[in-house]
1. On the basis of being open to solvent by 70 Å² or more (accessible area, probe 1.4 Å), basic (K, R) and in contact with an Asp or Glu (Cβ under 8 Å, 6 or more places away or on another chain), does R31 make the cut?
2. Being charged (D, E, K, R) and in contact with a Gly (Cβ under 8 Å, 6 or more places away or on another chain) is the filter here; which residues of the range 64-82 pass it?
3. For the range 53-64, does any single residue satisfy the condition of being assigned to a loop (DSSP other than H, G, I, E, B) and either basic (K, R) or open to solvent by 70 Å² or more (accessible area, probe 1.4 Å) (or both)?
4. Go through the range 5-31 and report how many residues are assigned to a strand (DSSP E or B) and not polar (S, T, N, Q).
5. Taking the options T73, T79, name whichever one is among the β-branched types (V, I, T), surrounded by fewer than 19 Cβ atoms within 10 Å (Cβ to Cβ) and part of a strand (DSSP E or B).
6. Determine which member of the set L50, L17, L7, L27 is over 16 Å from K70 (Cα atoms), at pLDDT 95 or above and within 11 Å of the chain's Cα centre (by Cα).
7. Provide a single number: the residues in the range 1-13 that are open to solvent by less than 60 Å² (accessible area, probe 1.4 Å) and either touching a His at 6+ places or on another chain (Cβ under 7 Å) or within 16 Å of T79 (Cα to Cα) (or both).
8. For D34, all conditions in the list (1) out of contact with any Leu (no Cβ under 9 Å at 6 or more places or on another chain); (2) not in a loop (DSSP other than H, G, I, E, B) hold save one; what is the number of the exception?
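The values are calculated or read from the model by the stated rules, or taken from the named source; none is laboratory data. These numbers were taken from a predicted model, which means no experiment stands behind them. Glycine also receives a Cβ, built like all others from the backbone with ideal geometry; neighbour counts cover every protein chain displayed. Only protein heavy atoms, including side chains, enter the accessible area calculation; ligands, DNA and RNA are left aside. Shrake-Rupley method; radii C 1.70, N 1.55, O 1.52, S 1.80 Å.
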Amino acid sequence: SNYSVSLVGPAPWGFRLQGGKDFNVPLSISRLNDGGKAAQAHVGIGDVVLTIDGISTDGMTHLEAQNKIKACTGNLNMTLQR
């Protein structure tokens, strides 16, 4: 099921990404920091990242996704799939 999270900035957001187009696997959450913003928002390990700030991650490389997240200084809005 899909759900949206809005993490209030600034970074760190408290999660680590894995995957991307360059790895031929969907972008997903590989790690959460205890008590971090993502964990507090009930983001789950293994959840697939569908959008970052309204931009579809379809065809996004790992680095592009990281840069897109780094560019979010105020809030980080993501759509995830559990």
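1. In short, no.
2. E64, R82, listed by residue number.
3. yes
4. Here the count works out to 13.
5. T79
6. Within the list L50, L17, L7, L27, the selection yields L50.
7. The total comes to 4.
8. Only one criterion is unmet by D34, namely (2).
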